[in-house]
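> Sharing a structure, written as structure tokens. Questions coming.
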Amino acid sequence: METVQDKLKVSIAYTLKEMTGRILEEVPSSHPFVYIHGYENIIPGLETALEGKKVGDSFTVEIPYKLGYGPYRDDLVLQVPKAELQEVGELWLGMELEMFQDGDIREFQLPDTADEFCDDLHLDEDEETDGIYVVKEIYKDTVLVDGNHPFAGKDLIFEVQVVSIDSPSFTELESGFPDGEFDDESFDEDFGEGYDSDNDNYNRRWR
């Protein structure tokens, strides 16, 4: 029987919990999460735990934050003058913005594509501050944005079931992502409103 290994397409169902047992996310086997193994597209602790597993295997793994989403970084929480966000347009709580910084100059805009969104999540301890920021608070003259992943700084528990293991297509091997996961037609200029909500992989940010 084929086992989970590099360059194979793997589908998993899982329940993600905090160490207290509080459930953060549930993904059923009827709508599994699909990824290409060995491309560092999921957190390292989970990818290591999946190595060698077979279809039908179920397991529980505790993942410390250093092998998950990294530490929570206070330097990624910014108070931004509303004047800097005029070109973005209407703001709302939970809105995701992409920030670019070159020296003392920074710019915020909506992410253009899904792969740009995922690539720019802060999942490690590098010193870069460019990336995706979520609007947390809106004040009279400023906006509080947070560039940390929602699970940053958390030790986590994954209860996982391996649903299927398949050979990826040529395009999947080239891109490192399942076919159809990043379809530009699913993303309009107003990111978050025009994407395909039926594609569950879009809605999962634990990568």
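> Of everything in the range 89-105, what is charged (D, E, K, R) and at pLDDT 90 or above? Give them in sequence order.
Residues satisfying the conditions are Glu90, Glu96, Glu98.
> Would you call Gly68 in contact (Cβ under 8 Å) with a residue 24 or more places away in the chain and on the phi > 0 side of the Ramachandran plot?
Spelling it out, it is not the case that Gly68 is in contact (Cβ under 8 Å) with a residue 24 or more places away in the chain and on the phi > 0 side of the Ramachandran plot.
> Something else about it: Among the strands (runs of 3 or more DSSP E) contained in the range 1-77, which hold 2 or more residues that are under 30 Å from Leu144 (Cβ atoms) and either at pLDDT 95 or above or not basic (Lys, Arg) (or both)?
9-18, 23-27
> While we're looking at this one, here's another question. Which residues, counting only those in the range 45-80, are surrounded by fewer than 18 Cβ atoms within 10 Å (Cβ to Cβ), touching a strand residue (DSSP E or B) at 6+ places or on another chain (Cβ under 6 Å) and of a type in the set (Gly, Ala, Ser)?
Listed by number, the residues that qualify are Gly52, Ser58.
> Quick check on my filter: what residues within the range 81-97 are surrounded by fewer than 12 Cβ atoms within 10 Å (Cβ to Cβ) and under 18 Å from Thr129 (Cβ atoms)?
Pro81
The values are calculated or read from the model by the stated rules, or taken from the named source; none is laboratory data. Quick caveat: nothing in here was measured; it's all calculated off a predicted structure. Using ideal geometry, Cβ is built from the backbone for each residue, glycine included, and neighbour counts are taken over all protein chains shown.
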